[in-house]
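Everything on this sheet refers to the single structure shown next.
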Amino acid sequence: MPVIFVTDSLIFLLLFGLVAFFFYARKQEHLSAPWRDVKKRSLAMSSAVVLFFFVFLGVLDSLHFHPKVETDKKSETIYSNEILSVLDILLNDLRLKNEKTYSAPLASYSFSKELIELESGKKIRDYPRLVYGGATLSNPENESRADIIKRISFGLLYGLLISFIVINLIIIILSRSRNETYTTTLHNCLNKKTNTHWFSIFLTISVVLIAIAILYNLSKNYHVFGTDKVGQDVLYQALKSIRTGLVIGTLTTLVMLPFAIAMGLMAGYFRGWVDDVIQYLYTTLNSIPGVLLIAASILLLQVYISNHADDFNSIEQRADLRLLFLCIILGITSWTGLCRLLRAEALKLREIDYVQAAKAFGVRDYKVMFRHLLPNVMHIVMISIVLDFSGLVLAEAVLSYINIGVDPSTYSWGNMINSARLEMAREPIVWWSLSAAFIFMFILVLAANLFSDAVRDAFDPRLREL
Amino acid sequence: MINYILRRAAYALPILIGVNVITFVLFFVVNTPDDMARMNLGMKSVSEAAIVKWKDERGYNKPILFNQSASGTKKLTETIFFQNSVKLFVFDFGRSDSGRDIGYDISQRMWPSLAITVPSLIVGLLSYISFGLILAFFRGSYVDVSGVILCVIMMSVSGLFYIIGGQYLIGKFLHLVPISGYDTGFNAIKFVILPVLVGLVGGIGASTRWYRTIFLEEMNKDYVRTARAKGLSELRILYRHVLSNGLIPILTGVVVILPSLFIGSLIVESFFAIPGLGSYTIDAINRQDFAIVRSMVFLGSVLYIIGLILTDISYTFVDPRVRLN
């Protein structure tokens, strides 16, 4: 039985908007020309592929449902209270293979010594075997290294094979659509003679697919990034955190976009008292330090939730509300920049002849704004969406660290860092949760940064990094 | 000049009133004092008497906007709005929910914050400007390209990792300075070094790249071409012309955050256990002490607005083309 959280529906709205925008922009030369420029850049296309994989996982994680409970009776189906996503089902292996407590990456033994009862009845203190880590090995001390190497090389092989198939499929589709022979297309792609930088796309696809294949192959018998305090697989946590990062990075902008656009255009177009009021509004909001406003609001949300505990059906729903609320608050603290830019642009545009002409013909104000101003500020909107993304993903981690971020029960990189931080004092140090969060965050943010640089350069040559 | 400052201050007043109203609405209307009391005393089993007592002790037992039972002007002053919000304008912060004098706490705790933020700002500014100049000097070469790539990579790492990494590497691994803590007087220096260093490294990526762009923009201007045509050396152009003109946007960007240095950094202070205003705020958030959070929101806004006014004034000093009117 499907369950749709508020953030889920917003994500699908966003995806729908993206598709709609894609078809709209294709017809508008001033919007599609810069994108063609982006497509020529190798770094931008590599980052786009990486971002695509992240988004794909995030969307899979947004399809929630109540799983069926296996019962004897076939007539009625009973749904469990648990809420799972499609990604959870794909990662069933990782999700359900829980150990007792910490274990290092790729380990077969537990991280700390415990009292173990031998078959002879004697009790010794030693590192116990993990339930799932290295489970297929009879003598992990000698075999595990060889087993790991074997799994990595097989993963490499599978990865190469899959990427070969995928790339070939893409080339076949390309050659069909261009009415070329397969070899011509292949030749053009490899020699970078195409308008889109296919070579870097293929390279990135194979790297990502190989990495996925190796991870998959290893995770069948090991915890690739170890397990955390309660024995949960760290790789699973890191993968589940992708959705939170993406939601914060995209929904925040989506939530504030209508206000920023409407207010900015109105202030610039009407001027006079409307302009004064809107300027006053954003200066006031801007002058409250962002972190403090977020802290105050989250504090109040906590009070609200604990006073209205009965209104929420499940922990997940409560956590989802908090996530959405965080997006809204982050949006309130960050819409002012875009609003100011749009106002300045609208001030310029309203003096241009076609706007004056439209006004002279008696076109209504809202229609002038929608028809003539909005399309001409779209590039600013797009740049700011892309530029804000990486900052927001990083902000989530910091906010979660001071307990004013997402709900503690939500998987997020911030929460992973926060809980791992307390274990830094341990000897030997528990480093894997931190590294997993670091790696995933770094890849996502780096890809977003590189991509946004390219988008900005293409859309606004004035801002181009010289 | 004084006229201008006064006028700017008058413009700032409505904004402060706005901030005040927003915090008031957030803290007293969206959630009533009853909610706060219940939150602080434990959720479920709280008797009405306990809530009333909690409100009495903190002065939250008055009506919110208008006191019917009082007489004369007290109708307006004996209210939560006047006692807890209007008084902020004269920096009378009142008492925290745990009974401490917030004004006194702030005056004590701003010094450790300043001990971190001021050296961070100075060291950071000097090094970022130098890095930016170096990259601009070698523009287009391998030094420049690798520098920019390094900047993008460093920008993509969360600040938390710089703090954790710095604490581990310098404090725990090399045992050079204590991991966290604070001391009075000159003993504080050994506790200040690590946070300043971490702050410096954490900001390199974004700031260096930004300063480099500013310098490169200057280098493409006509007066630089003229200077080159005169036969000035590239280094001399960089220092005499590009640096002094490029400093205008940099300095005005710095002036706006100057007053906010008092507040300190929430994250750095709580990681390094510095008893400044940042950790004060974090503690208040975690203890759900609404009075302190409210005061800090207002104080932060006041300092930001002062920063805005200072920015406008500083423009006239560094750039004579700008006139105040």
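The values are calculated or read from the model by the stated rules, or taken from the named source; none is laboratory data. Just so we're clear, the structure is a prediction, and the values are computed from it rather than from any experiment. Note that each Cβ is placed from the backbone with ideal geometry, even for glycine, and that neighbours are counted across all protein chains shown.
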Condition met for A:LEU301 (facing another protein chain (nearest Cβ under 10 Å), part of a helix (DSSP H, G or I) and surrounded by fewer than 22 Cβ atoms within 10 Å (Cβ to Cβ)) | yes
Go through segment B:1-45 and give me each residue that's at the interface with chain A (Cβ under 9 Å from one of its Cβ atoms) and of a type in the set (S, T, N, Q).
-> B:THR23, B:ASN31
Within segment B:164-177, can one find any residue that is loosely packed, with under 15 Cβ neighbours inside 10 Å and within 21 Å of B:VAL123 (Cα to Cα)?
-> yes
Determine whether segment B:122-136 contains at least one residue that is touching an Asp or Glu at 6+ places or on another chain (Cβ under 9 Å) and either at the interface with chain A (Cβ under 10 Å from one of its Cβ atoms) or among the polar types (S, T, N, Q) (or both).
-> yes
Scan (1) over 30 Å from A:ASP88 (Cα atoms); (2) outside any helix (DSSP H, G or I) for the single condition A:ASN313 breaks and write down its number.
-> (1)
Please specify each residue of segment B:277-305 satisfying the condition of being among the aliphatic types (A, V, I, L, M) and more than 10 Å from chain A (Cβ to nearest Cβ).
-> B:LEU277, B:ALA291, B:ILE292
Among the candidates B:VAL143, B:VAL157, B:VAL148, which residue alone is more than 27 Å from the chain's Cα centre (by Cα), within 24 Å of A:VAL393 (Cβ to Cβ) and not aromatic (Phe, Trp, Tyr)?
-> B:VAL148
Looking only at segment A:140-148, decide whether some residue is surrounded by fewer than 12 Cβ atoms within 10 Å (Cβ to Cβ) and at pLDDT below 80.
-> yes
Single residue of segment A:46-96 satisfying the filter (of a type in the set (S, T, N, Q) and more than 21 Å from A:SER9 (Cα to Cα)) that is modelled with the lowest pLDDT = A:SER75
Unmet requirement for A:VAL363, which otherwise passes all of (1) of a type in the set (Val, Ile, Thr); (2) out of contact with any helix residue (DSSP H, G or I) (no Cβ under 7 Å at 6 or more places or on another chain); (3) within 14 Å of chain B (Cβ to nearest Cβ) | (3)
Within segment A:273-284, is there a residue that is in a helix (DSSP H, G or I), facing chain B (nearest Cβ under 8 Å) and surrounded by fewer than 16 Cβ atoms within 10 Å (Cβ to Cβ)?
-> yes
Determine whether B:GLY147 is in contact (Cβ under 8 Å) with a residue 24 or more places away in the chain, more than 28 Å from A:SER412 (Cβ to Cβ), in a helix (DSSP H, G or I) and within 14 Å of another protein chain (Cβ to nearest Cβ).
-> yes
Which numbered condition A:LYS27 fails, given (1) of a type outside the set (Val, Ile, Thr); (2) in contact with an Asp or Glu (Cβ under 9 Å, 6 or more places away or on another chain); (3) in the same structural domain as A:ALA448 (by TED's automatic domain parsing) = (2)
For segment B:131-138, does any single residue satisfy the condition of being assigned by TED's automatic domain parsing to the domain that holds B:GLY253, outside any helix (DSSP H, G or I) and more than 30 Å from A:LEU422 (Cβ to Cβ)?
-> yes
Unmet criterion (only one of (1) more than 12 Å from chain A (Cβ to nearest Cβ); (2) closer than 28 Å to B:GLY278 by Cβ; (3) touching a residue at least 12 places away in the same chain (Cβ under 8 Å)) for B:MET155 | (1)
Applying the selection to segment A:420-434, what residues are modelled with pLDDT under 85 and not hydrophobic (A, V, I, L, M, F, W, C)?
-> A:ARG421, A:GLU423, A:ARG426, A:GLU427, A:PRO428
For B:LEU310, work out the one condition from (1) within 9 Å of another protein chain (Cβ to nearest Cβ); (2) more than 11 Å from the chain's Cα centre (by Cα) it doesn't fulfil.
-> (1)
What are the residues in segment A:421-433 that are surrounded by fewer than 23 Cβ atoms within 10 Å (Cβ to Cβ) and within 20 Å of A:LEU215 (Cβ to Cβ), if any?
-> A:TRP431
In segment A:320-335, which residues are in contact with a Phe, Trp or Tyr (Cβ under 9 Å, 6 or more places away or on another chain) and surrounded by 22 or more Cβ atoms within 10 Å (Cβ to Cβ)?
-> A:ASP320, A:LEU323, A:TRP335
Got a sec? Which of A:LEU84, A:LEU94 is surrounded by 15 or more Cβ atoms within 10 Å (Cβ to Cβ) and under 17 Å from A:ASN217 (Cβ atoms)?
-> A:LEU94
Note on segment A:198-249: residues of a type in the set (S, T, N, Q), within 16 Å of A:MET416 (Cβ to Cβ) and part of a helix (DSSP H, G or I) are A:GLN237, A:SER241, A:THR244
Report whether or not A:SER400 is within 10 Å of chain B (Cβ to nearest Cβ) and over 30 Å from A:LEU347 (Cβ atoms).
-> yes
Go through (1) surrounded by 16 or more Cβ atoms within 10 Å (Cβ to Cβ); (2) farther than 30 Å from A:SER112 by Cα and name the single condition A:ASP233 misses.
-> (2)
Within segment A:125-136, is there a residue that is over 22 Å from A:VAL230 (Cβ atoms) and part of a loop (DSSP other than H, G, I, E, B)?
-> yes
Among the candidates A:LEU257, A:LEU251, A:LEU246, A:LEU239, which residue alone is more than 17 Å from the chain's Cα centre (by Cα) and either of a type in the set (Ser, Thr, Tyr) or in the same structural domain as A:ILE11 (by TED's automatic domain parsing) (or both)?
-> A:LEU257
If you go through segment A:309-324 one residue at a time, do you hit one that is at the interface with another protein chain (Cβ under 10 Å from one of its Cβ atoms) and either in contact with a Lys or Arg (Cβ under 9 Å, 6 or more places away or on another chain) or aliphatic (A, V, I, L, M) (or both)?
-> yes
